[in-house]
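So the structure is just underneath, and the comments pick up after that.
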Amino acid sequence: MKNYHIQTSSSTCLPLINEYITDTITEQMITADKKQTITVKHQNSKSDTGSPEVQVGIMTARIAEIIDHLKLNKHDFMARRGLLQLVGKRRRQLKYLADNNPKAYLNLIQKLGLRR
């Protein structure tokens with residue numbers, strides 16, 4: 001039995017691999033600019049970055065990105081698990097908001113286009 005060794009130069013393979021890794025990483029992550037835009041859109045005051053409205057807005061953007069990723073990668077079960085966890089977190093935040101401030105809750109789900 002012969003061993004066949006195909007020789008490729010690293011100069012041709014590495015750029016392709018780096019481009020694939022970079023594209024894969026950037027398509028899955030929410031950018032700082034996008035997060036800042038969401039924060040400004042949903043904040044209650046100028047320094048508000050952690051209110052339930054802002055958190056739910058950021059989670060909704062992340063959920064949309066993970067759903068797009070799963071459309072291309074149907075067998076990525078870890079991403080699917082992360083999606084389910086994130087949906088659960090968002091559901092709990094929305095429940096908290098609905099219990100404590102129903103008017104803000106109704107305004108937020110209308111703004112985000114969530115079904116409730």
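If the condition is being in a helix (DSSP H, G or I) and either at positive phi or touching a Leu at 6+ places or on another chain (Cβ under 9 Å) (or both), then segment 96-116 contributes 97, 98, 104, 105, 108, 109. Restricting 60, 39 to residues that are surrounded by 15 or more Cβ atoms within 10 Å (Cβ to Cβ), modelled with pLDDT under 95 and assigned to a helix (DSSP H, G or I) narrows the list to 39. For the criterion of being more than 14 Å from the chain's Cα centre (by Cα) and modelled with pLDDT of 95 or more, residue 80 fails.
Of everything listed in (1) touching a Lys or Arg at 6+ places or on another chain (Cβ under 9 Å); (2) closer than 30 Å to residue 103 by Cβ; (3) hydrophobic (A, V, I, L, M, F, W, C), the single unmet condition for residue 64 is (1). A search for C-beta distances below 8 Å between a residue of segment 92-116 that is closer than 14 Å to residue 60 by Cα and any residue that is among the polar types (S, T, N, Q) and part of a helix (DSSP H, G or I), counting only pairs 6+ apart in sequence or on different chains, returns 93/55; 112/60; 114/60. The single condition among (1) surrounded by fewer than 13 Cβ atoms within 10 Å (Cβ to Cβ); (2) at pLDDT below 90 that residue 28 does not satisfy is (1).
The values are calculated or read from the model by the stated rules, or taken from the named source; none is laboratory data. Quick caveat: nothing in here was measured; it's all calculated off a predicted structure. Virtual Cβ from ideal backbone geometry, glycine too; neighbours counted across all protein chains shown.
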